[in-house]
Amino acid sequence: MKPGTAVIRALSKADADKYADFNLTVESASRPPEPERPGSSSSSPDESGYKPSESAKPAEPSMKVENGKIAVQAKREQGSAVAKAVITADALDQALKEAQPDKRGVKKVRIEVAADKEATGVDVSMPAAALTGSGLQQQYEMVTPQAIVTVPSNLVPKDGAKDAKTISIVIGQSDRGSWPAALSAKVGERPAVTVELKAVGKPLSGMRAGAPMLVAIPYKPTAQELALPHSIIIWAVDTSGRSVAVPSARYDEATGTVRFEAMQFGTYAVGFNKKEFADTAKLDWAQVSIEALAARGIIDGVDENRFAPQLDITRGDFTVVLVRALGLQASGVGSARSGADSGFADVNADANYAEVVGMAKELGFVKGKGDNAFGPRDSVSRQDMFTMAARALEKTGMLKVDGDSDALAAYTDLAQVSDYAKGSLAGLLQEGLLQGSGSKLHPDSRATRAEVAVFLNRVHNRVYE
C-alpha cells in the first residue's frame, strides 16, 4: 500500500444525516531519524539562545505556520477557565526559518492564539530553550484575546527555570475579587490583565524578566479620555492591591491599544489619571508635557494644585525625574546609598535622591562637579540637563546621540557651551530632541521645571514610540 491518508465514512442506515469519519494514515516503512532540537531530552540549549534545526518538520495539523506566523487554537480542559496551547519545537523551527530579521538581525515570530469565548485566559507553552537564551536572538509576539505580549528569547534568566523542558506564559483577565475598593474605583470597567510565567507546572512568582516584555492591551477610550490621551496610563498592581503608574505606558490610537514595557510579571490595569495644575493652564507650550509626566508619576507638583513651572530644578531632583522617565535601573541597587557608595561626599544617605544618584553614577551618566561633589542642591543648567540625558540614552543603548559639534555653529552663543557638553547638545539637536530659543541655546541658564517637563516628555516619546 502506498503512503498517504484516507478518510473512511460510515453512514447510519436509520438516519442518513448521521455518520462517523475515520482517518487512516499509511506511512513509509523507513523514515529518517528526527533531528535533535534544543529543548529535547537528548540535547541542551545553546548559550546563544534557541536555534532552529537544519530540517524543520511541518507543524502539527492543529497549527498553521505561514510566513513566520503560527496560528493555533487553544483548548480548555473540563472545568478550567484557561485554554492551553502548546507551541512545538517543529512549529518554531518552521516559523523562524520563514521570518525575516529586522535591522538588528532579530527575527519575530507572531503566534496567534484563538480561544473560545468562555475562556478567561490562555496558557501558551513552548520549549524552555526558546526563552532562556543569553542574548536577544528572536522575539515571540503572542496575540491573545486578552492582550498582545511580545517576549524576547532572553526573557528568562538561565537559573530561573532549572530542569524545565517547557515554559508557559499565561495571559488572562485579572481576578479583581481581592482588590481594595480604592483600586476598583479608579480602574472601573477598564481592562486588567495578568501575565504569569510557569515552569514545571508551577508559577515563577516574584521573578523579574531578564529583558523587557512589550505588552499591548486592547482598549476603547471614552470621548473624555480621547480628548486627553496623554492621561491614559497603565497601573501595575502588586499582590497587596497597591498600584503604581508604569512610566512607559502610552495609548496608541492606530492600534487601539495601551502599550507599555514591563520587567515584572504580574497584573496591569488600564487607567485614566487626569493631572491638572492651576498654574499651567496658560502654558500652551508646556501643559500637555507636564500633565503627561505627572500622570505617570515621573514628575510631581509642588502640591496638589500647583506645579510651579517657572522654578528652577535642582541637580538631585532632575536626576530623579530623568531616571523615572527612562525607567532606568542599576544592578545591585538595594536600599538608599550613602555618599561613599554613590561616590559623592555631598549626597546624604537620607536624601530622597540618594539612591537614584547612586544608580546614575553606576550607570555612568553623572560625573559630578569635581572635588568628590555632585552638587545635588544646585540648580541644574540647561547644558548639564541635556548632557546627563544624552549620556543616559547612550549608556543604556536607547539612542545614540553623540553628534558633530558643527551642528551648533548656527547658534550665536556657541562659545558659552562647555567642551564636555558640545557632543551631547549636537546629538540631541540632530535627533530633534533639543530646541533652542531663536538663535540661542542658553547653555548656562538654569533649567526651569516647565523646560524639564517639555524636554523629557519629548525624549520619553522618542524612546517609547
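Starting from the stretch 344-359, take each residue that is over 20 Å from ILE299 (Cα atoms) and among the charged types (D, E, K, R) and list its partners that are in a helix (DSSP H, G or I) and open to solvent by less than 20 Å² (accessible area, probe 1.4 Å), counting only C-beta distances under 9 angstrom and pairs at least six apart or across chains.
ASP346/GLY339
Yes or no: VAL143 more than 19 Å from PHE265 (Cα to Cα) and modelled with pLDDT of 95 or more? Steps first, answer last, please.
Details: more than 19 Å from PHE265 (Cα to Cα): no; modelled with pLDDT of 95 or more: yes.
Judged against the criteria, VAL143 is not a match.
Could you look through the stretch 197-227, keep only residues that are under 17 Å from the mean Cα position of the chain (by Cα) and either basic (Lys, Arg) or modelled with pLDDT of 95 or more (or both), and pick out the one that is surrounded by the most Cβ atoms within 10 Å (Cβ to Cβ)?
Once the filter is applied, the top-ranked residue is VAL215.
Does the stretch 66-105 hold any residues that are farther than 15 Å from PRO127 by Cβ and either in a strand (DSSP E or B) or in contact with a Leu (Cβ under 6 Å, 6 or more places away or on another chain) (or both), and which are they? It would help to see each step written out before you state the result.
Step one: of the stretch 66-105, the residues farther than 15 Å from PRO127 by Cβ are 66-69, 71, 73-84, 97-105.
Passing the criteria: GLU66, LYS69, ALA71, GLN73, LYS75, ARG76, VAL82, ALA83, LYS84, PRO101.
Of the conditions (1) part of a strand (DSSP E or B); (2) over 19 Å from ILE167 (Cα atoms); (3) charged (D, E, K, R), LYS198 satisfies every one except a single condition; which number is it?
Among (1) part of a strand (DSSP E or B); (2) over 19 Å from ILE167 (Cα atoms); (3) charged (D, E, K, R), the lone unmet condition for LYS198 is (2).
Between VAL246, VAL270, VAL170, which is free of Cβ contacts under 8 Å to residues at least 60 places away in the same chain and in contact with a strand residue (DSSP E or B) (Cβ under 9 Å, 6 or more places away or on another chain)? Break it down into steps so the answer makes sense when it comes.
Working: VAL270 fails: free of Cβ contacts under 8 Å to residues at least 60 places away in the same chain; VAL170 fails: free of Cβ contacts under 8 Å to residues at least 60 places away in the same chain.
The match here is VAL246.
I need the full set of residues from the stretch 142-179 which are β-branched (Val, Ile, Thr), under 15 Å from the mean Cα position of the chain (by Cα) and part of a loop (DSSP other than H, G, I, E, B), in order please.
VAL156
Checking the structure you have, find out if any residue of the stretch 377-385 is of a type in the set (D, E, K, R), part of a helix (DSSP H, G or I) and in contact with a His (Cβ under 8 Å, 6 or more places away or on another chain). Can you show your working first?
Filtering the stretch 377-385 for residues of a type in the set (D, E, K, R) gives 377-378, 382, 384.
Then keep just the ones that are part of a helix (DSSP H, G or I); that gives 382, 384.
Applying the additional criterion that residues be in contact with a His (Cβ under 8 Å, 6 or more places away or on another chain) yields 382.
Scanning the stretch 377-385 turns up at least one residue that is of a type in the set (D, E, K, R), part of a helix (DSSP H, G or I) and in contact with a His (Cβ under 8 Å, 6 or more places away or on another chain).
For the stretch 146-167, what are the residues that are at pLDDT 95 or above and among the small types (Gly, Ala, Ser)?
ALA147
Just need a number here: residues in the stretch 364-386 that are under 32 Å from the mean Cα position of the chain (by Cα) and either in contact (Cβ under 8 Å) with a residue 24 or more places away in the chain or surrounded by 24 or more Cβ atoms within 10 Å (Cβ to Cβ) (or both).
So the first thing to find is which residues in the stretch 364-386 are under 32 Å from the mean Cα position of the chain (by Cα), and the list is 364-368, 374, 376, 380-386.
Retained after the next criterion (residues that are either in contact (Cβ under 8 Å) with a residue 24 or more places away in the chain or surrounded by 24 or more Cβ atoms within 10 Å (Cβ to Cβ) (or both)): 364-366, 368, 374, 376, 380-386.
Qualifying residue count for the region: 13.
Which residue out of LYS400, LYS422 is open to solvent by 40 Å² or more (accessible area, probe 1.4 Å) and part of a loop (DSSP other than H, G, I, E, B)? Give the steps one after another, and end with the answer.
Working: LYS422 fails: part of a loop (DSSP other than H, G, I, E, B).
Selected residue: LYS400, the only one of LYS400, LYS422 that is open to solvent by 40 Å² or more (accessible area, probe 1.4 Å) and part of a loop (DSSP other than H, G, I, E, B).
Please verify whether LEU155 is in contact with a helix residue (DSSP H, G or I) (Cβ under 7 Å, 6 or more places away or on another chain) and buried (at least 16 other Cβ atoms within 10 Å of the Cβ), treating the condition exactly as stated. Before you say what the answer is, go through the steps one by one.
Values: in contact with a helix residue (DSSP H, G or I) (Cβ under 7 Å, 6 or more places away or on another chain): no; buried (at least 16 other Cβ atoms within 10 Å of the Cβ): yes.
Judged against the criteria, LEU155 is not a match.
Going by the structure shown, is SER231 within 18 Å of VAL288 (Cβ to Cβ), hydroxyl-bearing (Ser, Thr, Tyr), in contact (Cβ under 8 Å) with a residue 40 or more places away in the chain and surrounded by 14 or more Cβ atoms within 10 Å (Cβ to Cβ)? Full working, then the answer.
Details: within 18 Å of VAL288 (Cβ to Cβ): yes; hydroxyl-bearing (Ser, Thr, Tyr): yes; in contact (Cβ under 8 Å) with a residue 40 or more places away in the chain: yes; surrounded by 14 or more Cβ atoms within 10 Å (Cβ to Cβ): yes.
So SER231 passes the test.
Within the stretch 427-449, track down each residue that is in a loop (DSSP other than H, G, I, E, B), surrounded by 20 or more Cβ atoms within 10 Å (Cβ to Cβ) and either acidic (Asp, Glu) or under 33 Å from the mean Cα position of the chain (by Cα) (or both).
Scanning the stretch 427-449 gives LEU433, LEU434, ALA447.
When the stretch 180-191 is examined, which residues are found to be surrounded by 14 or more Cβ atoms within 10 Å (Cβ to Cβ) and in a loop (DSSP other than H, G, I, E, B)?
ARG190, PRO191
Considering each residue of the stretch 264-316, count those that are at pLDDT below 95, open to solvent by 60 Å² or more (accessible area, probe 1.4 Å) and not in a loop (DSSP other than H, G, I, E, B), and give that number.
1
The values are calculated or read from the model by the stated rules, or taken from the named source; none is laboratory data. No experiment lies behind these values; they were computed from the predicted model shown. Cβ: placed from backbone, ideal geometry, glycine included. Neighbour counts: every protein chain shown. The protein model used for the area step is the full one, side chains on, heavy atoms only, and it has no ligands, DNA or RNA in it. Shrake-Rupley method; radii C 1.70, N 1.55, O 1.52, S 1.80 Å.
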